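A.B. asks: The structure that follows is given in the form of structure tokens.
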Amino acid sequence: MIIEEAAQAIADFLEPPSCQQMDDSTKGWLLLIGLDYLISSKHLASVEAACKAALPSTLSKALYLFYDLPAIDANDEQLAIRRNSLHTCFIEVFIDV
């Protein structure tokens, strides 16, 4: 149960905001898209700094936790869309590092 709670907390933190939501709860999403922008620039110093800060290892651990997320209710289309956006952005960062 603790792993599922940790996975949900990470997903909640990193999940993109809904159209109406742009507050402190979107900091994780902003961090993730900022990392995506920084890493996708292929600027060698940025990539080296990310690797020295153990970003690939941290992303691997967080990616593993996504498998422990509870299933999305078939009626919750908005959550499914946000979760898909999160996974897509997360994988882009992970591949670019």
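A.B. asks: Treating cross-link reach as a plain straight distance, find the lysines whose alpha-carbon is under 18 Å from the alpha-carbon of LYS61, omitting any fewer than eight places away in the same chain.
C.D. replies: Filter leaves LYS52.
A.B. asks: What are the trypsin sites (Lys or Arg not before Pro) within the stretch 8-86 that DSSP puts in a loop, where the Cβ has at most 10 other Cβ atoms within 10 Å?
C.D. replies: LYS42
A.B. asks: Looking at the stretch 38-97, which chymotrypsin sites (Phe, Trp or Tyr not before Pro) are DSSP coil and have at most 15 other C-beta atoms within 10 Å of their C-beta?
C.D. replies: Answer in residue order: TYR67.
No lab work stands behind these numbers, since they all come straight from the coordinates. Predicted model only: the values in this text are computed from it and were never measured. No Cβ is skipped: glycine too gets one built from the backbone with ideal geometry, and neighbour counts run over all protein chains shown.
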